[in-house]
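Below you'll find the structure, written out as structure tokens, and then a few comments.
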Amino acid sequence: MAMPQTNHAMDQSSPVTQDIAVSAHNVSKNYGPVEALKDLTLEFPRGQLTSLLGPSGCGKTTLLKIIAGLLEPTAGEVQVDGKAVTGPGPDRAFVFQDFALLPWASVIRNVAFGLELRGIAKTEREDIAEKYIKDVGLSGFEKSFPHELSGGMRQRVGLARALSVDADVLLMDEPFSAVDEQTRRKFQEDLLALVANENKTFIFVTHSIEEAVYVSDQIAILLPRPSRVSDIIRPTGLREKDSHSIRRDPEYLDIVDEIWDSLRTYVE
Amino acid sequence: MKLFGIRLPGMSSLIIWGLVWEIIGRMEVSFFVPPLSAVITTLFEVIGSPAFQKALYETAYAFCAGVFFAIAIGIPTGILMGKNRLIDELLLPWVNIFLSAPLTALVPVLLVLFGFGMKSIIITATLFAIWIIILNARAGVMQINRSLLEMAQSFGATPWAAFSKVYFWAALPEILGGVRIGVIRAVKGVIIGQLLISIVGFGALFELYANNFLMEHFWAVVVVLFALAFSISELLAYLERRVSYYAAKR
Amino acid sequence: MTHRSLYLKIFSAVIVFGAWEIAGRIPVSYAFPTFFESMAALGRMAFDGSLWQAYAETLKPLAIGVAISAVTGNAMGLWIGLSKFFDWLFSPIFIVMQAAPLAALIPLLVMMYGIGLTSKIFVVCIMAMPVIVLNTAGAVRNTPTSLTEMGRSFQASWWEVILKIIIPAASPVIFSGLRLGVSAGFIGAILSELKITPTGVGDIITYSRSIADYASMYAAIFSIILLAVLFLNLLERLEHYLFEGNTRGYASD
């Protein structure tokens, strides 16, 4: 598959000179006789958003959880900043598909929960949480409980919790799949701003082609049976566009079509 | 649970507990705990005895009759409550009360009203079983998906066809679940009734063995009774899974 | 709306108690007092204090037994829920206990511990324990994976995951297990008073039956059922109040 490239991309984010934040080397994961991942190698450039895109069963969530240190690979290794991952660490924060909020805790305690587990004093962690609650646009909901919030607001809480621990790498497991379409679009726009403003590395699992193309600096297409990286696509001209006009951009439309062509044979 | 890579079946740890029992019995820790092997030997002896067979027959009779009435009255009542709001509102508080009430307290009333006999025990069993059966039948009818009913209507189903082809099957998993719990409760009810009356069935047998300090005999009856109760409950759970295999993915 | 359901409840109670009154007046049986006779007997016993004495006696084994069952049952349940090995080892015992008519063990308990308080506490315990253990174990086992993963991803220690995630997440089910345990404990407490030795409310029931004072007997039975139902209802409300948002708040609702 041809990689869309422009001169602009060459001088800013050439794969050769890039600073790599996270890398997976020959990672395999078996569940009994089932091969969830097979000999997968992939690099995630610092400060950028990389999507893992593929049909269900291609092992994209498995890979994300291995990077998070929640699962151990059967073979191979994941490195973050050159150091091998042996378990969860303060350099990575996870955003869950089902939000994973504590239903018995208020918004502020949920957002501060990561800091609470790191043993940070209550007033200090609540100050930090307050700031991120404001950043994700939930000011005034500090004392609310998750069941009083809409799905979109709950995921903002999950996002604020992940941001509040100030990890370098943000791991997002289909974070917008459980919210409605309008909210999702708003989230995607906000995510673009987040990637631009925060100097963090984002790894983003999704099954939506449009979403991947819209938000990503780099898209890794994973295919099942056996699971592998089939292609890496780097949209080049989209990042400079205004977030409202991306979806009308010819490059955006071409890449979406291209990915669909390569994936359609794998959809039952 | 896996041991050396081999999956151990669910209830297999009971073998270990049987061994523990045997060892405690052999060590003669307590007069009241004879070794399991002695209990098993006695068990075959007891099962052959006329007294045991009479007790088993009386218990099975009271149990079956009690369950029959609980089902025959409970399911229609529950369905009626699920379909008619007025009946539901009138009956539901009482069903809830008797579901959580300590029904043992009612046994003395049954004794003075119906005498020290089979009738009281059958009613005890029915009283223990019926409330959960009613409640589940009601829940089964009430949870039927509206779109399923509208589907039947839109295809022009007659009322009988709608009932026999849609309503019944849609409510069946809950109804069966209620029957299973009700039956387990009926077993407990029968035994509690017999203990309080203590001249019928296993109640009489327990009294006899306990008063004569026949520990092996006592335990033998307990083992048979528990095994029967557990088998009934497992059998019903199995049937429930077979019949309402679709329950989980509606 | 709420008025309608309240009126209907009162209406329904009037029908049932009315039927009781009429059946007592016919009378359907020499041993069937009317509703008002029974209530009068209840009032008399409450007034002369014998009812309260009886309850102090009855509630003692119940309270002690439920407390013992709650502490050991929850500890067992937590252990079973956390460890696959203990699940395999202990669960079958409680599953069998749950299905079996444990009342059959009462004659044995009487032989071992006599006819005193110990036996009665034991009866309450064997009745209340299985449901408490199985509920707690199930709740702990079914803690949403994403919550424990969330804790681990923020590097929570094993203890923090248990104390800050698993136990709070399981507490609604643990609480309803306790409620069911109390319900079973009531059955055990009354059974032991009727079967082992007549004390407390069991004494009123047995004694008034023996002297054919059926009104007092019905009154005592009425009061114990009323007490159990009211107390369990209270626990259920407390449960709703405490864990209001707990069962909701996930992506799937």
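General observations
- Unique match (being surrounded by fewer than 20 Cβ atoms within 10 Å (Cβ to Cβ) and assigned by TED's automatic domain parsing to the domain that holds A:Phe204) among A:Pro55, A:Pro73: A:Pro55
- Flag if B:Leu176 is more than 14 Å from chain C (Cβ to nearest Cβ) and in contact (Cβ under 8 Å) with a residue 40 or more places away in the chain: yes
- Qualifying residues in the range A:189-207 (those that are under 20 Å from A:Pro45 (Cβ atoms) and not aliphatic (A, V, I, L, M)) - the one nearest to the chain's Cα centre (by Cα): A:Phe204
- For the range A:76-104, the candidate set comprises residues that are of a type outside the set (A, V, I, L, M) and away from chain C (no Cβ under 11 Å); within that set, the residue that is surrounded by the fewest Cβ atoms within 10 Å (Cβ to Cβ) is A:Gly82.
- Residue count for the range A:165-188 satisfying the condition of being within 10 Å of chain C (Cβ to nearest Cβ) and either within 16 Å of A:Ile128 (Cβ to Cβ) or among the aromatic types (Phe, Trp, Tyr) (or both): 2.
- Of all the residues in the range C:184-207, those that are free of Cβ contacts under 8 Å to residues at least 60 places away in the same chain and farther than 26 Å from C:Val133 by Cα number 5.
- Residues being surrounded by 20 or more Cβ atoms within 10 Å (Cβ to Cβ) and either over 22 Å from C:Ala63 (Cβ atoms) or of a type in the set (A, V, I, L, M, F, W, C) (or both) - total across the range C:127-142: 10
- Within the range C:195-204, considering residues that are buried (at least 19 other Cβ atoms within 10 Å of the Cβ) and touching a Phe, Trp or Tyr at 6+ places or on another chain (Cβ under 9 Å), the one nearest to the other protein chains (Cβ to nearest Cβ): C:Val201
- When A:Leu163 is tested against the conditions (1) of a type in the set (A, V, I, L, M); (2) assigned to a helix (DSSP H, G or I); (3) farther than 23 Å from A:Gly89 by Cβ, the lone failure is (3).
- Residue tally, condition in contact (Cβ under 8 Å) with a residue 40 or more places away in the chain and among the polar types (S, T, N, Q), over the range C:209-236: 2
- Exactly one residue out of B:Val187, B:Val222 is in contact (Cβ under 8 Å) with a residue 12 or more places away in the chain, within 15 Å of B:Thr59 (Cα to Cα) and either more than 10 Å from every other protein chain (Cβ to nearest Cβ) or buried (at least 18 other Cβ atoms within 10 Å of the Cβ) (or both), and it is B:Val187.
- For the range C:153-197, filtered to residues that are within 17 Å of C:Lys60 (Cβ to Cβ) and hydroxyl-bearing (Ser, Thr, Tyr), the residue that is farthest from the chain's Cα centre (by Cα) is C:Thr197.
- Flag: B:Gly18 matches the condition of being within 12 Å of another protein chain (Cβ to nearest Cβ), touching a Leu at 6+ places or on another chain (Cβ under 7 Å) and free of Cβ contacts under 8 Å to residues at least 24 places away in the same chain.
- Subset of the range B:25-45 (residues that are surrounded by 15 or more Cβ atoms within 10 Å (Cβ to Cβ), within 14 Å of chain C (Cβ to nearest Cβ) and among the β-branched types (Val, Ile, Thr)): B:Val33, B:Val39
- The single residue among C:Ala184, C:Ala128, C:Ala139 that is under 26 Å from C:Ser69 (Cβ atoms), within 14 Å of chain A (Cβ to nearest Cβ) and at pLDDT 90 or above turns out to be C:Ala139.
- Qualifying residue in the range A:33-44 (condition: at pLDDT below 90 and not in a strand (DSSP E or B)): yes
- Verdict on B:Phe98 being within 13 Å of chain C (Cβ to nearest Cβ) and of a type in the set (A, V, I, L, M, F, W, C): yes
- Qualifying residue in the range C:30-39 (condition: within 17 Å of the chain's Cα centre (by Cα) and either among the basic types (Lys, Arg) or part of a loop (DSSP other than H, G, I, E, B) (or both)): no
- Some residue of the range A:113-136 being at the interface with chain C (Cβ under 9 Å from one of its Cβ atoms), closer than 30 Å to A:Val34 by Cβ and either in contact with a strand residue (DSSP E or B) (Cβ under 6 Å, 6 or more places away or on another chain) or crowded, with 20+ Cβ neighbours inside 10 Å (or both): no
- For the range B:103-128, the candidate set comprises residues that are more than 17 Å from C:Ala228 (Cα to Cα) and polar (S, T, N, Q); within that set, the residue that is farthest from the other protein chains (Cβ to nearest Cβ) is B:Thr126.
- Matching residues in the range B:81-95 - criterion: being more than 11 Å from every other protein chain (Cβ to nearest Cβ) and free of Cβ contacts under 8 Å to residues at least 24 places away in the same chain: B:Asn84
- Residue match in the range A:200-209 (condition: touching a Gly at 6+ places or on another chain (Cβ under 6 Å) and either part of a loop (DSSP other than H, G, I, E, B) or modelled with pLDDT under 85 (or both)): no
- Yes/no for A:Ala178 being in the same structural domain as A:Leu70 (by TED's automatic domain parsing) and under 22 Å from A:Gly54 (Cα atoms): yes
- Failed criterion for C:Val71 (all others in (1) surrounded by fewer than 14 Cβ atoms within 10 Å (Cβ to Cβ); (2) among the hydrophobic types (A, V, I, L, M, F, W, C); (3) in contact (Cβ under 8 Å) with a residue 12 or more places away in the chain hold): (3)
The values are calculated or read from the model by the stated rules, or taken from the named source; none is laboratory data. For clarity, every value in this text was computed on a predicted model and none was experimentally measured. Backbone-built Cβ (ideal geometry, glycine too); neighbour counts: all protein chains shown.
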